[in-house]
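Written below as structure tokens is the structure these notes are about.
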Amino acid sequence: MIWLGIGLFFGLHLLPSMPNVRDQLIGRVGEKRYKGGYALLSFGGLVLIILGYGNIGIHELWAAPDWGSHLAFAVMPVVFVLLAAAELKGHIRTTIKHPMLIGVLLWGGVHLVNNGDRASLYLFGSFVLFSLYAIIFSSRRDQGRKDYTPKARHDVIALVVGTVLFVVVLWGHPFLFGVTPTL
């Protein structure tokens, strides 16, 4: 089930790298239906990934290093700031060309270090590989593209929102994912 979800989710996310296919789909069904279907199928892919992750069982491949949790506590606040900055028109987004992809790459990498089981390798590894692919592809496609004037207040918003999200997810991690992050 996890592979079906990974295939569906990342297969859909490859569509922007195939502009002809994407444009033909939009031409056939319209932009609103395309976006709605894309969102719905992406969500379905995530649900399949989550259900599949829970059904794989624990098959440890490597032990988490002692320093792994310290790395996570250092990197995860940055991840949330990058995710917030990706949606805001600030200097962070201008300086770091692909903040969301880099945030997902860091998130996946940190979780791979700390979760050495097969299910985690599939889950976090697929996000790491896709993020690397998308960063390389997007860098070629969007070279030098900037369609806004960055505003410092957007960076402040990204820092505040990212920090709040980090604290909320840290607090909710045991309830949401069944694991309590520790130092």
Here the residues within the stretch 14-52 that are at pLDDT below 90 and not β-branched (Val, Ile, Thr) are Leu14, Leu15, Pro16, Ser17, Met18, Pro19, Asn20, Arg22, Asp23, Gln24, Leu25
- Please verify whether the stretch 27-44 includes one or more residues that are touching a residue at least 12 places away in the same chain (Cβ under 8 Å) and touching a Phe, Trp or Tyr at 6+ places or on another chain (Cβ under 8 Å). yes
Here the qualifying pairs (Cβ atoms under 7 Å; residues six or more apart or on different chains; first in the stretch 47-64 and farther than 10 Å from Asn115 by Cα; second among the basic types (Lys, Arg)) come out as Ile56/Arg118; His59/Arg118
query: Does His154 satisfy being under 12 Å from the mean Cα position of the chain (by Cα), over 25 Å from Tyr53 (Cα atoms) and surrounded by 16 or more Cβ atoms within 10 Å (Cβ to Cβ)?
result: no
Checked pairs for the stretch 153-169, first under 10 Å from Ile92 (Cα atoms), second not in a helix (DSSP H, G or I) and not acidic (Asp, Glu), C-beta under 7 Å and 6 or more apart or across chains, list as His154/Leu88; His154/Lys89; His154/Gly90; Asp155/Gly90; Ala158/Leu88; Ala158/Gly90
Going through the stretch 10-35 in order, the residues found to be within 20 Å of the chain's Cα centre (by Cα) and part of a helix (DSSP H, G or I) are Phe10, Gly11, Leu12, His13, Leu15, Pro16, Ser17, Lys35
Taking the stretch 119-137 and the residues there that are of a type in the set (S, T, N, Q) and more than 12 Å from Met100 (Cα to Cα), the one that is modelled with the lowest pLDDT would be Ser120
Query raised in the report: Does Leu112 count as at pLDDT 95 or above and either out of contact with any Phe, Trp or Tyr (no Cβ under 8 Å at 6 or more places or on another chain) or outside the structural domain of His154 (by TED's automatic domain parsing) (or both)?
Result: no
**OP:** Take Val104 and decide whether it is in contact with a Gly (Cβ under 9 Å, 6 or more places away or on another chain) and either surrounded by 15 or more Cβ atoms within 10 Å (Cβ to Cβ) or in contact (Cβ under 8 Å) with a residue 24 or more places away in the chain (or both).
**Re:** no
Restricting attention to the stretch 31-76, the residues that are over 27 Å from Leu4 (Cα atoms) and among the β-branched types (Val, Ile, Thr) number exactly 1
Could you go through the stretch 71-90 and let me know if any residue there is at pLDDT 95 or above and exposed (fewer than 13 other Cβ atoms within 10 Å of the Cβ).
yes
Log entry, pairs with first residue in the stretch 111-128 being touching a residue at least 60 places away in the same chain (Cβ under 8 Å) and among the hydrophobic types (A, V, I, L, M, F, W, C), second being part of a loop (DSSP other than H, G, I, E, B) and buried (at least 18 other Cβ atoms within 10 Å of the Cβ), beta carbons closer than 9 Å, six or more apart or on different chains, reads Leu121/Asn115; Leu123/Asn115
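The values are calculated or read from the model by the stated rules, or taken from the named source; none is laboratory data. A quick note: this is a predicted structure, and the numbers were derived from the prediction, not measured. When we count neighbours, we look across all protein chains shown, and the Cβ atoms used for this are built from the backbone with ideal geometry, even at glycine.
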